[in-house]
1. Can you give the longest run of chain A that contains no chymotrypsin sites (Phe, Trp or Tyr not before Pro) sitting in a DSSP loop with at most 14 other Cβ atoms inside 10 Å?
2. Step through the residues of region B:140-146 one at a time and calculate ³J(HN,Hα) from phi using the Karplus curve (6.51 cos²θ - 1.76 cosθ + 1.60, θ = phi - 60°), rounding each to whole Hz and writing x for Gly and Pro.
3. Please report, in Å, the Rg and the Dmax of region A:1-95, where both are computed over Cα atoms only.
4. How far apart, in nm, are the 7 Å Cα→Cβ label points at A:I145 and A:T89?
5. Label B:S64 and A:I250 with points 7 Å out from Cα along Cα→Cβ: what is the distance between them in nm?
6. Which one of A:L43, B:G146, A:A69 has its Cα pushed farthest toward the positive end of the charge dipole of the protein assembly as shown, where Lys and Arg give +1 and Asp and Glu give -1 at the Cβ?
7. Skipping prolines and chain starts, which residues have an amide H placed within reach, meaning under 5 Å, of the one on B:L169, given they are 5 or more residues away or on another chain?
8. For chain B, what is the relative contact order in percent, using Cα pairs closer than 8 Å and at least 6 residues apart in sequence?
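Read the figures in this text as sums done on the coordinates, not as results from a lab. Just so it is clear, the model here is predicted, and its values are computed rather than measured. With ideal geometry, Cβ positions are generated from the backbone for all residues, glycine too; neighbour counts draw on all protein chains shown.
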Amino acid sequence: MEAFLTYGFLQRALLAGIFVAMACALLGVFLILRRDAMIGHGLAHVTFAGVALGLFLKIIPLSMALVIAVLAALGIMKLKEKAGIYGDTAIAIFSSVGLALGILLATLAHSFNVDLFSYLFGDILAIEASEVWLSIGLAVIVVFIVILNYHKFMYMTFDQEAAKASGIKVGRLDILLTILTAVTIVLGMKVVGILLVSALVVIPAAAGLQLASNFKQAIILSSIIAFVSVLLGLILAFYLDFPASGTIVILSFLLFGLFFIFKRR
Amino acid sequence: MDLSANESKTLIDVKDISFSYGPIKVLQDVTFPIQRGDFLAIIGPNGSGKTTLIKIILGLLKPSKGKVWILGKPAEEFDDWRKIGYVPQKATHIDPFFPASAREVVAMEFLARNKFPRLTKREEDLCIEKALKQVGMEHFKNWRIGGLSGGQQQRVFIARAIVNEPHILFLDEPTTGVDSETQEHFYDMLDTLNKKEGITIVLITHDTGIVNKHVTQVACLNQRLVYHGTHAEFCRAGAFKDMLAGHHLISHRH
Ligand SMILES: Nc1ncnc2c1ncn2[C@@H]1O[C@H](COP(=O)(O)OP(=O)(O)OP(=O)(O)O)[C@@H](O)[C@H]1O
Ligand SMILES: [Mg+2]
């Protein structure tokens, strides 16, 4: 255990990982209930284009990824609304185009290297101090905004029409939630990588939803599962020399399974 | 707050409203007022535009022609929606697995918009409990909404609609799927809200028995407003028969 107290990189990974995973889980509850669970998966792929663009233009990839993810998230939303395209279709279009652009840019930038791979599979243990604070800062802001709008988000997720009728600006809040999702996905990408970030959004929330008998419980349980997964996952990964991302995701899945069995009994 | 509007008798003025879904005309030139203290029943066959009309009043749909005035303001400028409670038609769009307790469903409406002055947690709880008590659901407050029967869910939605102590309450076929004994209680409860608390009630219903027993005003809709007036006149005018005739017409059109 003392390794965790002495190694700065472990502390950083742990701190950033826990904050980001909890933000992911919190949003995940809303996304699942809005039948939008796949948005994380889709946006993560678009993020690949952002990272590649960042590497190509020699701009911090994380900032580029944030911009691209937010734009793509809003694009998916508009495509659904205006073109009357189903949500999963819109996500499929954006994610594949994002990935395609990413591949082109990465080739042009000659950066199909370790760097890009760390984005694909996550490399939380290599997270830099500046990125830690950015991640924690953004994750805290996301959580804060969700808590501030907790009842509104819950209302419009549960019963959009009644929420509108009671004067809640559903359109604006939809956009807000979409932006928060995009930001959180990009942060999650730093923790477990593009290919696994969807797990961080969906699995803890899905596990929490197994046992929750009310909304508050769902939120709290999901956050706890996210917390435990990252904490145990990183410890295990460090001592057993496993990849951190895979370990975190498998652990959260085991917790999900446990909850599932517990519910059946 | 606009005092003059508040004191006037007309809460809502529906002026010359028309609406179509694409080429399909749903409402044509509908005009009528809703007065303070009314217990108004809107009746009419399936597809006659009742739900559409209420959605227009609530600002959920924009009319293609005409205007709605709420408490003296044009609907698009009105923003005090807490004064208006709404129970949507049969909440089939509700996810049965949604993890919200009955209490939380009421809290959504109550806490979604900030209160001034701020209430303490305890005061909030009391208001929410009071609403649940008014519909006789206080013992179910911790039940998951999807775990309640259809009629019980409906009561929770009514609690949600009255928790902000609205001036006017819109109910769209609130008793579909509710057993007849519960219906009795339910309409007695609406009566109490109407007479004791002074809440104006607008009720869409197919249940003409109820219309006879409780309501003061009747609006009979069939794309156009076929009849609007007091319940007593409505019986004399035999407008009811016309409406039934209309019913056949419209059901054949589909
Ligand atoms: N979303 C929609 N898109 C297209 N047409 C619609 C839509 N909603 C309703 N309509 C049409 O508008 C007409 C009026 O519908 P509305 O729901 O207002 O009727 P209603 O009087 O409430 O009927 P019911 O008694 O069955 O509830 C119907 O003929 C229906 O076909
Ligand atoms: Mg209807």
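1. With a cap of 14 other Cβ atoms within 10 Å, the longest stretch comes to A:113-265.
2. Those phi angles translate into 10, 4, 9, 6, 5, 4, x Hz.
3. Here Rg and the maximum Cα pair distance are 16.7, 56 Å.
4. For A:I145 paired with A:T89, the spin-label model returns 2.9 nm.
5. For B:S64 paired with A:I250, the spin-label model returns 6.2 nm.
6. Positive-end residue among those listed: B:G146.
7. B:G85, B:T200, B:I201, B:V202
8. Computed value for chain B: 28 percent relative contact order.
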